[in-house]
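Colleague: Please read through the structure below; I'll follow up with questions.
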Amino acid sequence: MKARKDENMEIVRLDGVSKVYGEGETKVRALKKVSMSIEQGERLAIVGPSGSGKSTLLHMIGGVDTPTVGRVIVDGEDITQYKDEQLAVFRRRKIGFIFQSYHLIPVLNIEENITMPILLDYQKPDKEYVDYIIELLGLKNRRYHLPGQLSGGQQQRVAKARALANHPSLILADEPTGSLDSTNGDEVMALLNESVEKLKQTLVVITHNVDLAREADRIVKIADGRICQ
């Protein structure tokens with residue numbers, strides 16, 4: 001792993017975060033008093049076995065879910081105090097989500113898929129920036145194609161372009177190469193690392209891929225809902 005952070009500015013902090021689902025015999029403690037911080041510009045890999053709490057942790061950071069106990073601070077704001085509408089705006093404007101499933105809309109072309117979340121937020125896309133992202137991810141000759149006309153690797157690039165297009169502070173990726181072969185997976189991660197480097201963003205990746213995790217600046221291991229030292 002190699003250090004690449006230009007600044008020691010904390011962009012995310014979790015203070016004693018616990019998450020409990022269900023009650024009684026069905027109660028599941030997904031996270032147990034998790035405290036951690038992420039620096040601006042850092043590439044962080046979260047690793048652990050299935051059911052360890054990786055996705056729950058990512059959802060806390062991204063405001064998709066809220067803690068049962070504890071606080072989540074993102075860019076200086078305590079998002080655990082936000083109401084649902086505030087969280088929705090926060091996710092649209094601060095977070096770029098990349099999932100294993102691409103969630104592309106089949107009847108929209110590539111450019112429309114990329115800019116749709118911005119338009120849903122009643123914002124005007126930055127055309128010059130969107131053009132830059134499309135070219136950076138090698139989609140310039142595919143921008144008017146439909147998702148069904150692309151390969152799996154190209155669709156994953158579109159999902160990444162969509163995540164980057166709103167100038168997010170944080171990129172959160174849940175097994176971004178899990179559905180790709182090794183060649184396409186390596187290519188997509190290389191492109192994501194390049195774009196994050198150029199755009200000075202922070203990347204948090206959940207992965208089972210040891211080689212991918214080793215490319216990060218730091219690895220956080222989680223097991224049974226706790227951060228392992």
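Colleague: Expressed in whole Å with the largest first, what are the equivalent ellipsoid semi-axes of the chain derived from the C-alpha gyration tensor as the square root of 5 times each eigenvalue? Can you show the working numbers first?
Modeller: Working: eigenvalues 164, 77, 63 Å².
Ellipsoid half-lengths, sorted descending, are 29, 20, 18 Å.
Colleague: Mean separation of Cα pairs under 8 Å and 6+ residues apart, divided by the residue count of segment 1-102: what relative contact order is that in percent?
Modeller: Working: 142 pairs, mean separation 29.2, N = 102.
Relative contact order for segment 1-102 comes out at 29 percent.
Colleague: What is the mean projected area of the alpha carbon convex hull for segment 1-91, to one decimal in square nanometres?
Modeller: That works out to 7.0 nm².
Colleague: Among the listed pairs K32/K54; K33/K83; K83/K124, which are separated by more than 19 Å between their Cα atoms?
Modeller: Numbers: K32/K54 12 Å; K33/K83 23 Å; K83/K124 25 Å.
Among K32/K54; K33/K83; K83/K124, the Cα-Cα distance tops 19 Å for K33/K83; K83/K124.
Colleague: Which of D84, D217, D75 moves the most in a Gaussian network model of the chain with Cα springs under 10 Å?
Modeller: Between D84, D217, D75, it is D84 that shows the largest mean-square fluctuation.
Colleague: Express in % the proportion of alpha carbon pairs of segment 112-154 at distances exceeding 11 Å.
Modeller: Details: 623 of 903 pairs.
Roughly 69 percent, rounded to a whole number.
Colleague: Order R157, R142, R226 by their accessible area, 1.4 angstrom probe, all chains in place, largest first. Please report the intermediate quantities before stating the final value.
Modeller: On the way: R157 35, R142 85, R226 120 Å².
Largest to smallest exposure gives the sequence R226, R142, R157.
Colleague: Quick check: with the 1.4 Å probe, what order do S151, S169 take by accessible area, largest first?
Modeller: Details: S151 55, S169 35 Å².
These residues rank, largest area first, as S151, S169.
Colleague: Follow-up. Out of segment 51-137, which trypsin sites (Lys or Arg not before Pro) are coil in DSSP terms and have no more than 11 other C-beta atoms within 10 Å? Write down the numbers at each step before the final one.
Modeller: On the way: sites: K54, R71, K83, R91, R92, R93, K94, K127; in loops: K83.
Passing both the DSSP loop test and the Cβ count: K83.
Colleague: Here is a follow-up. Nearest 20 debye, what's the magnitude of the dipole of the chain about its Cα centre given +1 on Lys and Arg Cβ and -1 on Asp and Glu Cβ?
Modeller: 280 debye
Colleague: Would you check the accessible area of H103, probe 1.4 Å, heavy atoms only, in square angstrom rounded to 10?
Modeller: 120 Å²
Colleague: What order do F99, F90 take when sorted by accessible area (1.4 Å probe), most exposed first?
Modeller: Highest to lowest solvent-accessible surface, that is F99, F90.
Colleague: In nanometres, what is the gap between the two model label sites at R29 and L108, each 7 Å from Cα along Cα-to-Cβ?
Modeller: With each label point 7 Å from Cα toward Cβ, the separation is 4.2 nm.
Colleague: Could you order the peptides 60-70, 14-24 from most to least packed, using the average number of other C-beta atoms within 10 Å per residue?
Modeller: 60-70, 14-24
Colleague: On to the next question. Would you kindly find the accessible area of E77, with a 1.4 Å probe and non-protein molecules such as ligands, DNA and RNA excluded, rounding to the nearest 10 Å²?
Modeller: E77 exposes around 90 Å² with every protein chain in place.
Colleague: Which residue, chosen from G76, L146, G62, occupies the Cα position most advanced towards the positive end of the dipole of segment 51-172, where the dipole is computed from +1 (Lys, Arg) and -1 (Asp, Glu) charges on Cβ about the Cα centre?
Modeller: Farthest towards the positive end: L146.
Colleague: For segment 10-139, with all protein chains present and a 1.4 Å probe, just round the carbon and sulfur fraction of the accessible area to a whole percent.
Modeller: After summing per-atom areas, the C and S share lands at 50 percent.
The values are calculated or read from the model by the stated rules, or taken from the named source; none is laboratory data. In this text the structure is predicted, and so the values were computed from the model without any measurement. Positions of Cβ are backbone-derived with ideal geometry, glycine not excepted, and every protein chain shown enters the neighbour counts. In case anyone asks, the SASA skips ligands and DNA or RNA and just uses the protein heavy atoms, side chains included. Shrake-Rupley method; radii C 1.70, N 1.55, O 1.52, S 1.80 Å.
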